[in-house]
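Q: Supplied in structure tokens, the structure appears directly below.
Each reported figure results from applying straightforward, stated rules to the coordinates on display, with no laboratory input. Nothing here was measured: the structure is a model prediction, and the numbers come from that model. Note: ideal-geometry Cβ built from the backbone for every residue, glycine included; neighbour counts use all protein chains shown.
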Amino acid sequence: MRLLSMLSFLLLDLNYFKVFILMTIESSVFPLPSEVVIPAAVYSSVMTGNMTLIGIVIFGTLGSWLGASLMYWASFLVGRPILNKYGKYILITPKKIINAEKWFNSYGHSGIFFARLLPVIRHLIGIPAGIVKMNYLKYSIYTILGSLIWCSILAWIGLKAVSNQALMAGQIQAVTIWLTGVVLVLAGLYYFFVYRKMNHKK
């Protein structure tokens with residue numbers, strides 16, 4: 001409950017610093033969905049005028065890069081054996097490591113870019129990249145480009161949601177349509193680009 005209370009506090013009165021911190025967390029080991037953070041920031045910007053869409057995208061992208069960098073360097077420095085042994089204490093299980101490696105081996109370095117657009121694999125891809133000691137500059141470039149596109153998409157979705165008067169009025173039908181659409185798109189992307197690839201590589 002304390003963690004949920006902290007998250008609720010962070011999502012209130014969002015500013016650039018909070019967006020940066022939340023997206024850093026989202027791109028590390030903690031399952032904090034960016035699908036909540038960026039649209040919530042857009043809502044805050046429209047309601048209060050304290051941020052711009054460009055600013056939200058920039059700080060969201062930088063936060064994603066920092067979180068992804070932390071994952072990369074942790075894996076780079078400690079290696080797979082230590083992660084397999086102690087990773088469970090920070091929500092990195094051996095199964096997650098294996099799945100991330102399958103993805104990385106399937107798509108190579110360019111997979112870093114596409115991983116930033118996909119649920120689940122997004123915050124894990126830094127593990128195999130760090131373990132194989134991928135060039136950090138390339139890793140950063142792919143991460144920033146992918147994160148920039150992802151944050152831009154979420155900002156656009158957030159803006160569309162805010163401009164939907166029925167949704168803002170809290171009408172259940174409109175809310176259901178938006179949530180169902182987002183969930184279906186994410187589920188489809190995960191199935192075709194992550195689940196099938198991982199299971200075909202067994």
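Q: Compute the signed sum of charges (Lys and Arg +1, Asp and Glu -1) over the other residues within less than 14 Å, Cβ to Cβ, of Thr93.
A: Working: positive: Arg80, Lys85, Lys88, Lys95, Lys96; negative: Glu101.
Its environment carries a net charge of +4.
Q: What FRET efficiency do you get for Asn15 and Asn84 if R0 is 30 Å and r is their Cβ-Cβ distance, rounded to the nearest 0.05? Walk me through the intermediate numbers first.
A: Numbers: r = 39 Å, r/R0 = 1.29.
FRET efficiency, Asn15 to Asn84: 0.20.
Q: Next up: What does the extension gain come out to for Val46 and Ser110, with contour length at 0.36 nm per residue minus their alpha carbon separation? Please report the intermediate quantities before stating the final value.
A: Values: separation 64, 0.36 × 64 = 23.04 nm, distance 3.51 nm.
Result for the pair: 19.5 nm of gain on full extension.
Q: Of Lys96/Lys138; Lys85/Lys138; Lys18/Lys160; Lys18/Lys96; Lys96/Lys133, which pairs sit farther than 25 Å apart, going by alpha carbon to alpha carbon? Spell out each step's value before the answer.
A: Numbers: Lys96/Lys138 23 Å; Lys85/Lys138 28 Å; Lys18/Lys160 22 Å; Lys18/Lys96 28 Å; Lys96/Lys133 18 Å.
Violating the 25 Å Cα-Cα cut-off are Lys85/Lys138; Lys18/Lys96.
Q: For the ranges 38-44, 106-112, 51-57, 81-87, what's the packing order if you count other beta-carbon atoms within 10 Å of each residue, average per peptide, and put the highest first? Each step should come with its number before you reach the end.
A: Numbers: 38-44: 23.4, 106-112: 16.4, 51-57: 18.0, 81-87: 14.0.
Per-residue mean Cβ counts within 10 Å order the peptides as 38-44, 51-57, 106-112, 81-87.
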